[in-house]
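Rule-based calculations on the coordinates, nothing more; no lab input. None of the values given here were measured: they were computed from a predicted structure. Cβ sites come from the backbone with ideal geometry, for glycine too, and all protein chains shown count toward neighbours.
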Amino acid sequence: MNVQINVASGYGEKRARVKIEGFPCELVETLLARTFQLIQENIEVEENYNETHEALSQNVEPSKSSVQDVVSLLPESIRGWYKQKEKEAEEQGVPSFYFTGIKIKNGIPHYKAFYICPNCGLSGRHYVPEDVKEVKCHNCEAPIDIFPAQAQLFKTDQWGNFFRSVMPDKE
Ligand SMILES: [Zn+2]
């Protein structure tokens, strides 16, 4: 049996991945018990035991949260908008974040943020929780301040970004 365990903190700064091939089936429960023991309060396991167990036995990803679950995690002001975008994505047969700019990680909505690195000039995207004020350049790891893309929070700019490294009025 091949086992993979992903651990991440609520904000995704700390991640760990353990991959073991040819792991004896009868030791999985012991392994999981030990893993949970080692996980501190502020760290969440991406999947609970049952889902992990199911995924291991079927060798597939655990099922994604349903649309309704996701919507309940979002600020009320964008729930209707999100449902509409989700529907558009479904019609196009693409992942919903293509249209929504929102990914759910560990039950926390992460919003699309666009940056231009002042250090190396690279531009890129991050998906960040709503209270994150800084991202790191994918290329040179320089810290970059990000700001809401619009005066109204959770309103995207014309490219679907919730946050940007440059204030729109400075461009
Ligand atoms: Zn950079």
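Which links in LYS105/LYS136; LYS83/LYS136; LYS19/LYS87; LYS105/LYS155 stretch past 28 Å when you go from one Cα to the other? Working shown, then result.
Numbers: LYS105/LYS136 18 Å; LYS83/LYS136 30 Å; LYS19/LYS87 36 Å; LYS105/LYS155 20 Å.
From the list (LYS105/LYS136; LYS83/LYS136; LYS19/LYS87; LYS105/LYS155), the Cα-Cα distance tops 28 Å for LYS83/LYS136; LYS19/LYS87.
What order do you get for ARG17, ARG164 when you list them from fewest to most C-beta neighbours inside 10 Å?
Final ranking by Cβ density, sparse to dense: ARG17, ARG164.
Counting DSSP beta bridges with both partners in region 85-171, what percentage is antiparallel, nearest 5?
Looking only at bridges with both residues in region 85-171, the antiparallel portion is about 90 percent.
Given Cβ point charges of +1 (Lys, Arg) and -1 (Asp, Glu) and nothing else, what value in debye, to the nearest 20, does the dipole of region 83-171 about its Cα centre take?
120
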